[in-house]
Every structure is written in C-alpha cells, then in structure tokens.
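Structure record follows, encoded as structure tokens.
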Amino acid sequence: MVRGVRGTWCGTLLLAGVLVAGTSGCGPETPAEPGEPPSGTSGPARPGTTATTTAPGTTPPTGATTAPGTAPPPGIPTAPGTPTADPDPAEVLVEVVVNGGLAGVSNKLVVHTDGSWTSRSGTEEPRTGRQTPAEAARLRAALEDPAYARVPERPTGDPVADGFQYYVTYRHRLVVAGDGERPAALQRVFAALPEGGPPTNP
C-alpha cells in the first residue's frame, strides 16, 4: 500500500518536471500562428504593417525621387521648357566675300553673333570692330527676314562691266549677287553690315 502511494507521488514529480521543461527557453519553439513565420526567421509582414527595410539587390519602389543635388540617371530626357545654353559669342553670324572691281579686290568680312567683326582687304592688316547692340539687332533682323530666305542664290540682273561679285553666307546658305539688280531683302542686309556695307575698298 505504501509502495503504491509512493509510486504515484514519483510519477507526479516526473510529470511536473516535463511540463516545466516544456515552458522554459530551452524547450521546443512555440508553434507559429497560421500565416505567421516561425519565431527566429524573417518573412512577409503581417497585413496592415509596413516593411522598414529593402532586401539587398532590390530596386526602390516606383515613384521614388532622386535626392536633392543629384543629376538624373543617363538616358532620361530633359523636361520640356528646360533652358538651353546661350549661343557662342564667337559663332559666325554672316560672312561676306567681295571679288572683282577695277582693282580686282578679294576682300572678306566676318561678323559674329556678339556684334564683333573682322574685315580683310588684300594684303592689308585686318580691321576689327564691334557693332552696337542696336546695330547687331538690325543686321540679325535683316538676315532672319523671311524675304531674305527667298533671295535667289545666283545673280538675276545683267552683269556690270568691272563690277563686284558678292558672296554672302548665312546659316550655311550661300547667296551670290552682282552689281546689277539686287533684291530689296539683300540690300537691307548690305545696309546693316559694319562700315556701311560690303568691303569693296582695295
């Protein structure tokens, strides 16, 4: 009888030890709830929560903005309305070459977009100068006149004996004219050139 009671008491102690071991930190892991990763592992966030980090090797979500002060990645077009660079002041606006005349001159005048100009006459030292802003604007307006774009590229009037021939280059378009009949649009360009017109002096 005593042995039966003692056996029952020992069995109770063993069962209590098993239960305590099962609830300690060294025991088996607690089963995960449905849809939740086991403890100690990473996995998708629960519905309604926001992930705080991005896995290595992944790209940021669509709509992410570039940090201030950084340039857009190559290949992305410039947004419409972005200002462009100003034209180079040293760029040639118009070039006028004059040949012929009684003295058989071969002169050249080059005017740049900033109004500066260089004129060469034969073997003389080149002359230089600069138009005023108003003069430069007048010359540019005469060249940009749609009527000038319709000026024939070859002389239309009768040739003049011992006359001059003028070769005017503007935006890669060459117009050749003589001392015969001149279209009004071409005459306006000549009148707006530095020193009063094409270089005809020897």
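The values are calculated or read from the model by the stated rules, or taken from the named source; none is laboratory data. All of these numbers come straight from a predicted model, not from anything done at the bench. FYI the Cβ positions are ideal-geometry reconstructions off the backbone, even for glycines, and counts take in every protein chain you see. To get the accessible areas, we keep the full protein, side chains included, count just its heavy atoms, and leave off ligands, DNA and RNA. Shrake-Rupley method; radii C 1.70, N 1.55, O 1.52, S 1.80 Å.
Scanning the range 85-106 for residues that are open to solvent by 20 Å² or more (accessible area, probe 1.4 Å), of a type in the set (A, V, I, L, M) and within 28 Å of the chain's Cα centre (by Cα) yields A85, A90, V92, L93.
Of all residues in the range 107-134, which are over 36 Å from the mean Cα position of the chain (by Cα) and surrounded by fewer than 14 Cβ atoms within 10 Å (Cβ to Cβ)? Those that are over 36 Å from the mean Cα position of the chain (by Cα) and surrounded by fewer than 14 Cβ atoms within 10 Å (Cβ to Cβ): G122, T123, E124, E125, P126.
Taking first residues from the range 110-133 that are of a type in the set (F, W, Y) and partners that are part of a strand (DSSP E or B), the Cβ contacts under 8 Å between residues at least 6 apart in sequence or on separate chains come to W117/L109; W117/V110; W117/V111; W117/T128; W117/G129; W117/R130. A search for C-beta distances below 8 Å between a residue of the range 159-186 that is at positive phi and any residue that is crowded, with 17+ Cβ neighbours inside 10 Å and small (G, A, S), counting only pairs 6+ apart in sequence or on different chains, returns D162/G100; D162/G101. Of all residues in the range 144-170, those being closer than 14 Å to V189 by Cα and either surrounded by fewer than 11 Cβ atoms within 10 Å (Cβ to Cβ) or under 31 Å from the mean Cα position of the chain (by Cα) (or both) number 7. Could you tell me whether L186 is open to solvent by less than 30 Å² (accessible area, probe 1.4 Å), at pLDDT 95 or above and under 16 Å from V94 (Cα atoms)? So L186 fits the description; yes.
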